Amino acid sequence: MRIGELASRAGVSVRSVRYYEEQGLLTSVRSASGQRHYTEEEVERVAFIQRMYTAGLSSRTVAELLPCVDAPSTDNSDAALERMAQERERLSRHIEELVETRDALDRLVAVARAHRETLRSPVAG
């Protein structure tokens with residue numbers, strides 16, 4: 001199948017399919033005229049890659065996890081589970097940092113509101 005059909009069936013853009021290929025996550029066979037052609041298996045692979053991106057994983061991490069799909073084994077599965085646990089920890093730390101940042105912003109908003117209220121009050125004098 002050609003790139004447009006693959007993208008449509010996998011629910012991604014043609015640009016995404018090209019990006020996945022550039023990152024080494026997906027391969028195609030080129031026709032004599034240079035058109036990319038994909039097999040049926042690539043539909044599920046693209047959907048899988050997309051789910052990994054949706055989970056916040058980088059293309060580098062996705063590439064590290066693909067051996068679990070391409071060559072299933074206990075070792076590959078264990079390595080993938082460990083890598084996903086590391087990514088989950090990284091995301092948890094990032095969430096904590098975002099919460100701290102939001103809380104700091106909330107404090108600034110409270111100060112700004114209190115200051116604004118002083119502008120409404122007539123100045124005693």
Subject >> Unmet requirement for residue 52, which otherwise passes all of (1) part of a helix (DSSP H, G or I); (2) in contact with a Phe, Trp or Tyr (Cβ under 9 Å, 6 or more places away or on another chain) >> reply: (2)
**OP:** Tell me which of these residue 122 doesn't satisfy, since it passes every other one: (1) at pLDDT below 95; (2) in a helix (DSSP H, G or I); (3) more than 30 Å from residue 23 (Cβ to Cβ); (4) not hydroxyl-bearing (Ser, Thr, Tyr).
**Re:** (2)
**OP:** Pull up segment 1-31, narrow it to residues that are touching a helix residue (DSSP H, G or I) at 6+ places or on another chain (Cβ under 9 Å) and β-branched (Val, Ile, Thr), then point me to the one that is surrounded by the fewest Cβ atoms within 10 Å (Cβ to Cβ).
**Re:** 27
**OP:** Restrict the check to segment 32-54 and report whether at least one residue is over 23 Å from residue 88 (Cβ atoms), surrounded by 14 or more Cβ atoms within 10 Å (Cβ to Cβ) and hydroxyl-bearing (Ser, Thr, Tyr).
**Re:** yes
**OP:** Quick one: count up the residues across segment 1-23 that are closer than 16 Å to residue 50 by Cβ, in a loop (DSSP other than H, G, I, E, B) and touching a residue at least 24 places away in the same chain (Cβ under 8 Å).
**Re:** 3
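The values are calculated or read from the model by the stated rules, or taken from the named source; none is laboratory data. Every value quoted in this text rests on a predicted model; they were computed, and no experiment measured them. Here Cβ is always computed from backbone atoms with ideal geometry, including for glycine, and neighbour counts include all displayed protein chains.
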